[in-house]
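Since the structure comes first, as structure tokens, the remarks are kept for the end.
The values are calculated or read from the model by the stated rules, or taken from the named source; none is laboratory data. All values reported here derive from a predicted model rather than from experimental measurement. Here the Cβ positions follow ideal geometry from the backbone for every residue, glycine too, while neighbour counts run over all protein chains shown. For accessibility, only protein heavy atoms count, side chains too; no ligands or nucleic acids. Shrake-Rupley method; radii C 1.70, N 1.55, O 1.52, S 1.80 Å.
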Amino acid sequence: MSFSETYLDSDDLHPIDIVETLATHHEWDFDRVTDDQIAMAVEGQWRTYSITLAWSGYDETLRLICTFEMDPPSDKLPALYDCLNRANDQVWSGAFTYWGEQKLMVWRYGLCLAGGQMAGPEQIDRLITEAVTSAERFYPAFQLACWGDADPAAAMDMALAKAYGRA
């Protein structure tokens, strides 16, 4: 049975209830902050990512924010911002930004569900997976630009290079 079939009989679906069920299924640590918000910790290859999903009934948007700590040297901020622009040029389903005051790298996405639309479990799971996949994909480039003294173009090339052969 798919995740969606589990919810077909329910008239009172809330997107955060679906996220909570997914978090339980994947055995992610989570905290239901409010009825409309949940915070989770998702383990990646490079680090653990903090993911928050919040539902806004006002504008019918499910917002996802995936963060990880990052405190680059101040002289490396231009290189980081260059990398962010290059990374954002390669993605369609969200965007990176750097919150300097909080020292957080952030992946943001808003899923508009206007008109009473409903997001299914597979769709929400895909949102979370895409956030972690994008963070994992570009994390090495951000590190190389900030601490490896690579220029942003070279950092992106190295981080995104395909590995050939077998180990």
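What the table below lists for this structure:
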| read-out | value |
| --- | --- |
| Condition broken by residue 15, with the remaining ones in (1) modelled with pLDDT under 95; (2) over 18 Å from the mean Cα position of the chain (by Cα); (3) of a type outside the set (D, E, K, R) satisfied | (2) |
| Wholly within the range 20-123, strands (runs of 3 or more DSSP E) carrying at least 3 residues that are touching a residue at least 40 places away in the same chain (Cβ under 8 Å) and open to solvent by 40 Å² or more (accessible area, probe 1.4 Å) | 104-112 |
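Here is a yes/no grid of residues against (1) aliphatic (A, V, I, L, M); (2) within 18 Å of the chain's Cα centre (by Cα):
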site: 86; (1), (2): no, yes
site: 94; (1), (2): no, yes
site: 115; (1), (2): no, no
site: 121; (1), (2): no, yes
site: 132; (1), (2): yes, yes
site: 141; (1), (2): yes, yes
site: 146; (1), (2): no, no
site: 149; (1), (2): no, no
